[in-house]
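The structure appears below as structure tokens.
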Amino acid sequence: MKQMKFLLIFAVLFFFASCSSDENLEKKETAETLVTEAKSFLNGDFVLSTHATMSGVNKTLLPQGCPTKFNFSWSKTDKHSFTIKLNNFTVGNMPFIITFACDVQIMQLNSWEKNEYKGKGWIKFKGEDGYVVADEEGQGNTTAKGSMVKGYYNVKTHEINFIIDYNMMNVRSECFLQVIDKNRIKNYDVEFKKYEEDLAAYKKEHGL
């Protein structure tokens, strides 16, 4: 019995020590080489495949997701920060279209995440309390309290995945793990039209 109590106490202490170590690791600045490589590529407009979910239901329906435009712009005052912006977002029966942006901070992966994202070049980015952009000039921005962005990017392979939780109507954008292809932006209109055609065919086939 005493041995079991000792093991339990040891396990609890180990757990809290690991959590503290991971928290300190996240707060340490990311290597400058990784930041420089990220900034040189992850900049400007991109098209990524995403699933838009509402209350956990995939509203984009198709396994390959929906082609979605994102913009990445880096802070001029904080070299470890950039802004992710999603233009004209809507899903399902949402009665409005929004443009959402969130400032995120680059940080190191913790020990648990390193087991999932193996190999060199991975960075993590997190941000909270994004904002809804009222117009193209950014006037009238409204903070979306409770919203958040969390994702991972590999500066070597250009793999990326992230989740945007808007904290409204239980809506999320889920950019599943994929390699960024800069050329997709050139064919966005064609790709989106094809998605709409495939979506219409899917709905007809499934009686939706």
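Measuring only protein heavy atoms, the 1.4 Å probe finds Leu61 accessible over about 50 Å². If you roll a 1.4 angstrom probe over the protein chains with everything in place, what fraction of the accessible area of the stretch 110-190 belongs to carbon and sulfur, to the nearest %? Roughly 48 percent, rounded to a whole number. Ser147's amide H: which non-local residues (gap 5+, or another chain) put their own amide H closer than 5 Å, with H modeled 1.01 Å from N in plane and none for Pro or chain starts? The answer is Asp129, Gly130. By a 1.4 Å probe calculation restricted to protein chains, Asp198 has an accessible surface near 50 Å², given to the nearest 10. Within the assembled protein chains, the solvent-accessible surface assigned to Trp122 is about 30 Å², based on a 1.4 Å probe.
Can you work out the PRE-style zone for Leu199? Point 7 Å along Cα to Cβ, and I want the residues of the stretch 37-55 with backbone N under 12 Å. Counting only backbone N, you get 50-53.
A simple rule links phi to the HN-Hα coupling: the Karplus curve 6.51 cos²θ - 1.76 cosθ + 1.60 with θ = phi - 60°, which for the stretch 46-52 gives 9, 10, 10, 7, 9, 9, 9 Hz, with x for Gly and Pro. Across the stretch 158-170, computed HN-Hα scalar couplings (Karplus, 6.51 cos²θ - 1.76 cosθ + 1.60, θ = phi - 60°) run 6, 7, 8, 7, 6, 10, 10, 10, 7, 6, 8, 6, 6 Hz from first to last residue, x flagging Gly and Pro. Residues in the stretch 50-208 average 56 Å² of solvent-accessible surface per residue, probe 1.4 Å, ligands and nucleic acids excluded. Site pair Asn71 and Asp129 shows an inter-label distance of 2.3 nm when each label is modelled 7 Å from Cα along Cα→Cβ.
Measuring against 26 Å, Cα to Cα, the residue pairs Lys120/Lys193; Lys85/Lys193; Lys150/Lys204; Lys76/Lys145 contain Lys120/Lys193; Lys150/Lys204 as the ones spanning a longer distance.
The values are calculated or read from the model by the stated rules, or taken from the named source; none is laboratory data. This one's a predicted model, so the numbers in the text were calculated from it and none came from an experiment. Glycine also receives a Cβ, built like all others from the backbone with ideal geometry; neighbour counts cover every protein chain displayed. Areas reflect the complete protein model, heavy atoms only, side chains present, ligands, DNA and RNA absent. Shrake-Rupley method; radii C 1.70, N 1.55, O 1.52, S 1.80 Å.
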